[in-house]
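Here the structure comes first, spelled out in structure tokens, and everything after it is commentary.
The values are calculated or read from the model by the stated rules, or taken from the named source; none is laboratory data. Please read these numbers as outputs of a predicted model, since none were measured by experiment. We place every Cβ from the backbone using ideal geometry, glycine too, and count neighbours over all the protein chains shown.
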Amino acid sequence: MTVLLGIARRVGERLLSSIPALLGVVIITFVLMRVMPGDPAVFFASGPSAGKAEIEELRHKMGLDQPVPVQLIRYLGDVATGNLGRSLTTGQPVAADIRQRLPASLELTFTALFIALLLSVPLGVTAALRPGSLIDHAVRMLCTLGVCVPTFVSGLLLIYVFYYLLGWAPDPTARIDIFASSPPEITGFYLVDFALTGDWDGWWAALSQLLLPAVTMALFVLAPLARMTRASMLAVLGSDFIRTANAMGLNRLRIVVAYALRNALLPVLTITGIVFSTMLGANVLVEKVFSWPGVASYALDALLAADYAPVQAFVLLMATIFVCVNVLIDILYGIADPRVSVE
Amino acid sequence: MSATTRHTMFVLRGNPVTAIAAAGVTLIILAALLAPWLAPFDPIASDVSHALLPPNAEHWAGTDQLGRDILSRILIAARLDLSIAVSAVGLSFIVGAVVGGFCGYRGGRLDRWVGRVVDVLMAFPLFVLAMALVAALGNRVENIVIATAIINLPFYTRFARAEVNVRRNSGWVEAARACGEGHLTVVLRFLLPNILPAMAVQISLNLGWAILNAAGLSFIGLGVTAPTPEWGIMVAEGARFITTGKWWLVGFPGLALMLTVLFFNLLGDGLRDILDPRMRT
């Protein structure tokens with residue numbers, strides 16, 4: 001109970017302390033988009049021949065004729081009430097557009113994070129168990145190479161190998177094959193929706209479409225995760241209590257997994273938070289390479305069309321997700337190491 | 001032979017990778033400098049009769065959809081990519097070192113406010129922030145430099161602040177103050193040069209990341225515009241042809257990016273081993 005209370009207090013504190021940062025984020029986003037060149041009223045007027053009156057009316061409709069501080073306060077109020085404006089390219093409210101596209105991005109990012117952790121933790125542990133061995137060097141080389149290949153290049157090369165050469169992957173252009181039907185809208189996560197309706201053929205199709213972009217993103221973040229796992233495992237394995245456990249003849253697997261790994265996971269959790277931020281950025285590149293219909297490609301299209309509202313909402317959303325993930329990591333921290341919450 | 005030289009030789013002998021990385025970086029910089037003389041073809045002149053040729057004896061890296069020689073374009077592009085990265089990192093290094101240095105030296109209100117701004121910057125996924133910055137400042141190459149510099153800034157500011165903070169009460173700083181040097185002189189002439197070696201490692205490790213960011217920005221269509229040879233935009237143009245098996249349009253610029261980043265990262269790791277043996281992993 002005390003542990004739970006401790007965690008709850010930490011979460012509360014973290015959420016409170018992240019409010020100034022979030023406010024700063026909103027203001028920066030607002031300022032950035034307002035100084036952007038090009039007048040959106042001219043851009044969205046009926047055509048080059050649009051009259052002055054029409055443009056003025058548009059400017060008034062968009063609130064662009066108000067002084068900037070007034071616009072900022074109106075914007076803050078809108079954000080607080082969940083009104084993120086209307087996208088001028090799709091004609092929809094931005095909040096609706098984002099709600100529709102966010103599951104695609106989240107499904108991709110979380111799958112990638114899952115794959116990355118699934119690969120990097122065992123790799124890091126194996127490398128730490130035999131430092132200086134062949135496998136240690138192999139892991140180190142993989143990590144060094146992994147951070148050097150930009151995601152947009154590795155994604156395209158994966159498409160070349162698995163789609164063009166081997167023919168294992170489906171056409172890399174969407175979330176699901178254009179001839180297949182998408183699942184009924186329940187959560188928006190295709191894998192979950194297909195599983196809930198018991199459509200396993202569809203589930204397989206969605207997974208095979210998801211795998212390449214997710215692996216692309218996972219490869220890029222493999223290095224920091226595996227490196228941190230290795231370093232922190234090495235430190236823990238050298239500590240006194242592991243020596244004692246070994247001396248008492250405890251089961252080797254138990255020592256490594258139950259005693260060493262649990263203690264080594266804290267720094268890995270910290271780095272996972274940083275890695276997650278990198279992944280939100282890499283999303284933009286991966287979604288573009290794989291024509292993935294997520295929020296990042298939505299924001300990118302809007303950005304190239306000088307459409308303010310979706311870009312603002314996207315940047316704000318990414319920062320909010322990042323803050324939330326850090327709070328989540330704090331909770332996991334408390335579970336992995338109860339001492340943290342007691343302090 | 002001085003102790004540093006001996007230590008450097010010792011590290012290089014035990015770690016030939018650093019020597020290779022240093023040679024690689026030198027080679028890339030030379031290739032960028034000499035690109036106009038090295039490039040076998042005009043990087044912009046198109047020749048549609050020779051479009052999309054795979055690598056052959058005449059065009060070592062093949063040709064793109066307009067028949068331009070990919071090798072020549074990669075060589076010329078190295079100039080732009082390297083100068084974007086170097087100027088961005090240089091800019092954030094100078095600003096970050098001075099601002100962070102003063103924050104670490106003075107502390108107090110300035111330190112708190114700068115810390116808050118840095119926290120806000122770090123609350124953004126950095127690539128997304130860079131994207132928004134380029135869009136806001138205008139779609140030009142200078143703004144790619146500025147955006148990359150701004151997203152690098154938090155690291156340099158924090159680093160310089162921490163390094164100055166541990167030194168500000170050391171004997172030689174007190175001695176300088178006692179000799180009547182002003183705060184400005186103490187920070188700029190004594191403290192900053194003192195943390196320079198540590199910052200150099202940071203720079204080398206950072207250059208690779210800056211190159212990746214800049215190339216990523218131009219890949220999504222920001223900054224550099226079409227006929228200009230640049231690695232990111234070359235990959236973006238080649239992306240259309242990857243599903244029909246024309247790998248060389250993406251592969252060779254991608255390889256150039258990868259090798260450049262790899263050499264800078266390895267050199268950074270090696271420099272860290274030479275300057276600070278305790279940090280070795």
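Take the conditions within 14 Å of another protein chain (Cβ to nearest Cβ) and part of a helix (DSSP H, G or I) and apply them to B:Phe127. Does it pass? Quick ask: steps written out before the conclusion?
On the way: within 14 Å of another protein chain (Cβ to nearest Cβ): yes; part of a helix (DSSP H, G or I): yes.
Here the answer is yes, as B:Phe127 does meet what is asked.
Output yes when any residue across region A:207-227 is within 14 Å of chain B (Cβ to nearest Cβ), surrounded by fewer than 22 Cβ atoms within 10 Å (Cβ to Cβ) and touching an Asp or Glu at 6+ places or on another chain (Cβ under 9 Å), and no when none is.
no
Identify, by number, the condition in (1) within 14 Å of chain B (Cβ to nearest Cβ); (2) surrounded by fewer than 22 Cβ atoms within 10 Å (Cβ to Cβ) that A:Asp240 doesn't meet.
It is condition (1) that A:Asp240 fails.
Conditions tested, residue by residue: (1) over 20 Å from the mean Cα position of the chain (by Cα); (2) surrounded by fewer than 16 Cβ atoms within 10 Å (Cβ to Cβ).
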position	(1), (2)
B:Phe10	yes, yes
B:Ile20	no, yes
B:Ala23	no, yes
B:Ala31	no, no
B:Phe41	yes, no
B:Gly62	yes, no
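Quick check on my filter: what residues within region A:1-54 are modelled with pLDDT of 75 or more, touching a Lys or Arg at 6+ places or on another chain (Cβ under 9 Å) and surrounded by fewer than 18 Cβ atoms within 10 Å (Cβ to Cβ)?
Correct list: A:Pro20 only.
Residues to consider are B:Leu271, B:Leu259, B:Leu196; find the one that is closer than 25 Å to B:Glu142 by Cα, of a type in the set (A, V, I, L, M), surrounded by fewer than 24 Cβ atoms within 10 Å (Cβ to Cβ) and within 18 Å of the chain's Cα centre (by Cα). Please lay out each step first, then the result.
Values: B:Leu271 fails: closer than 25 Å to B:Glu142 by Cα; B:Leu196 fails: closer than 25 Å to B:Glu142 by Cα.
Every option except B:Leu259 fails the conditions.
Considering only residues that are farther than 26 Å from B:Arg79 by Cα and in contact with a helix residue (DSSP H, G or I) (Cβ under 6 Å, 6 or more places away or on another chain), which ones fall in region B:1-55?
Listed by number, the residues that qualify are B:Thr8, B:Val11, B:Leu12.
Just for region B:260-281: of the residues that are more than 8 Å from every other protein chain (Cβ to nearest Cβ) and assigned to a loop (DSSP other than H, G, I, E, B), which one is modelled with the lowest pLDDT? Quick ask: steps written out before the conclusion?
Within region B:260-281, the first condition is being more than 8 Å from every other protein chain (Cβ to nearest Cβ), and the residues that meet it are B:260, B:263-264, B:267-280.
So of that shortlist, the ones also assigned to a loop (DSSP other than H, G, I, E, B) come out as B:276, B:280.
Values: B:Asp276: 65, B:Arg280: 49.
Residue satisfying both the conditions and the ranking: B:Arg280.
Kindly evaluate A:Arg101 against the criterion of being of a type outside the set (Gly, Ala, Ser) and modelled with pLDDT under 80. So that I can check it myself, show each step before the final result.
Values: of a type outside the set (Gly, Ala, Ser): yes; modelled with pLDDT under 80: no.
Here the answer is no, as A:Arg101 does not meet what is asked.
Do the conditions hold for A:Ala296, that is, is it assigned to a helix (DSSP H, G or I), touching an Asp or Glu at 6+ places or on another chain (Cβ under 7 Å), within 10 Å of chain B (Cβ to nearest Cβ) and not polar (S, T, N, Q)?
Values: assigned to a helix (DSSP H, G or I): yes; touching an Asp or Glu at 6+ places or on another chain (Cβ under 7 Å): yes; within 10 Å of chain B (Cβ to nearest Cβ): yes; not polar (S, T, N, Q): yes.
Considered against the rule, which asks whether it is assigned to a helix (DSSP H, G or I), touching an Asp or Glu at 6+ places or on another chain (Cβ under 7 Å), within 10 Å of chain B (Cβ to nearest Cβ) and not polar (S, T, N, Q), A:Ala296 comes out as yes.
Could we say that A:Val121 is within 14 Å of chain B (Cβ to nearest Cβ), part of a helix (DSSP H, G or I), at pLDDT 80 or above and buried (at least 19 other Cβ atoms within 10 Å of the Cβ) here?
Values: within 14 Å of chain B (Cβ to nearest Cβ): no; part of a helix (DSSP H, G or I): yes; at pLDDT 80 or above: yes; buried (at least 19 other Cβ atoms within 10 Å of the Cβ): yes.
Here the answer is no, as A:Val121 does not meet what is asked.
Consider B:Glu163 against the criteria (1) within 12 Å of chain A (Cβ to nearest Cβ); (2) charged (D, E, K, R); (3) surrounded by 17 or more Cβ atoms within 10 Å (Cβ to Cβ): it satisfies all of them except one. Which criterion is unmet?
The single condition B:Glu163 does not satisfy is (1).
Here is a check on your reading of the model: is B:Leu257 part of a helix (DSSP H, G or I), more than 19 Å from A:Ala282 (Cα to Cα) and not acidic (Asp, Glu)? Even if it seems obvious, please write down each step before you answer.
Working: part of a helix (DSSP H, G or I): yes; more than 19 Å from A:Ala282 (Cα to Cα): no; not acidic (Asp, Glu): yes.
Judged against the criteria, B:Leu257 is not a match.
Yes/no per residue for (1) in contact with a Ser or Thr (Cβ under 9 Å, 6 or more places away or on another chain); (2) part of a loop (DSSP other than H, G, I, E, B):
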{"site": "B:Arg13", "(1), (2)": "no, no"}
{"site": "B:Ile20", "(1), (2)": "no, no"}
{"site": "B:Ile29", "(1), (2)": "no, no"}
{"site": "B:Pro40", "(1), (2)": "yes, yes"}
{"site": "B:Trp60", "(1), (2)": "no, yes"}
{"site": "B:Val86", "(1), (2)": "no, no"}
{"site": "B:Ile94", "(1), (2)": "no, no"}
{"site": "B:Gly100", "(1), (2)": "yes, no"}
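Residues of region A:80-110 being surrounded by 19 or more Cβ atoms within 10 Å (Cβ to Cβ) and part of a helix (DSSP H, G or I), which ones?
Scanning region A:80-110 gives A:Val94, A:Asp97, A:Ile98, A:Arg101, A:Pro103, A:Ala104, A:Ser105, A:Glu107, A:Leu108, A:Thr109.
Just a yes or no: is a residue in region B:234-246 under 23 Å from the mean Cα position of the chain (by Cα) and under 26 Å from B:Pro154 (Cβ atoms)?
Initial filter on region B:234-246 (under 23 Å from the mean Cα position of the chain (by Cα)): B:234-236.
Adding the requirement that they be under 26 Å from B:Pro154 (Cβ atoms) leaves none.
No; the residues of region B:234-246 include none that is under 23 Å from the mean Cα position of the chain (by Cα) and under 26 Å from B:Pro154 (Cβ atoms).
Hey, B:Gly221 hits all of (1) under 30 Å from B:Pro125 (Cβ atoms); (2) in contact (Cβ under 8 Å) with a residue 24 or more places away in the chain; (3) surrounded by 17 or more Cβ atoms within 10 Å (Cβ to Cβ) but one; which does it fall short on?
Just one mismatch for B:Gly221, condition (2).
Would you please name the residue that is farthest from B:Val128 (Cα to Cα), looking only at residues in region B:224-252 that are small (Gly, Ala, Ser) and in a loop (DSSP other than H, G, I, E, B)? Explain how you work it out, then say what you get.
Within region B:224-252, the subset small (Gly, Ala, Ser) is B:226, B:232, B:236, B:238-239, B:245, B:251.
With the extra rule that they be in a loop (DSSP other than H, G, I, E, B), the set shrinks to B:226, B:245.
Numbers: B:Ala226: 22, B:Gly245: 31 Å.
That would be B:Gly245.
Can you report the number of residues in region B:231-246 which are surrounded by 22 or more Cβ atoms within 10 Å (Cβ to Cβ) and not small (Gly, Ala, Ser)?
Kept after step one, since they are surrounded by 22 or more Cβ atoms within 10 Å (Cβ to Cβ), are these residues of region B:231-246: B:231-236, B:238, B:242.
If we keep only those that are not small (Gly, Ala, Ser) too, we end up with B:231, B:233-235, B:242.
The total comes to 5.
Which of the residues that make up region A:128-147 are within 11 Å of chain B (Cβ to nearest Cβ), aliphatic (A, V, I, L, M) and either part of a loop (DSSP other than H, G, I, E, B) or touching a residue at least 24 places away in the same chain (Cβ under 8 Å) (or both)?
A:Val147
List the pairs whose first member sits in region B:230-256 and is at positive phi, whose second member is assigned to a helix (DSSP H, G or I) and of a type outside the set (Lys, Arg), and whose Cβ atoms are under 9 Å apart, counting only residues at least 6 apart or on separate chains?
Listed pairs, sorted by first residue: B:Gly245/A:Tyr160; B:Gly245/A:Tyr164; B:Gly245/A:Leu165.
For A:Phe314, indicate whether it is in contact (Cβ under 8 Å) with a residue 60 or more places away in the chain and more than 15 Å from the chain's Cα centre (by Cα). Before the answer, list the steps.
Details: in contact (Cβ under 8 Å) with a residue 60 or more places away in the chain: yes; more than 15 Å from the chain's Cα centre (by Cα): no.
No.
Given the criterion within 12 Å of chain B (Cβ to nearest Cβ), touching a Ser or Thr at 6+ places or on another chain (Cβ under 8 Å) and closer than 21 Å to B:Gly251 by Cα, identify the matching residue among A:Pro150, A:Pro172. Spell out how you get there, then give the answer.
On the way: A:Pro150 fails: touching a Ser or Thr at 6+ places or on another chain (Cβ under 8 Å).
Sole residue among the options that is within 12 Å of chain B (Cβ to nearest Cβ), touching a Ser or Thr at 6+ places or on another chain (Cβ under 8 Å) and closer than 21 Å to B:Gly251 by Cα: A:Pro172.
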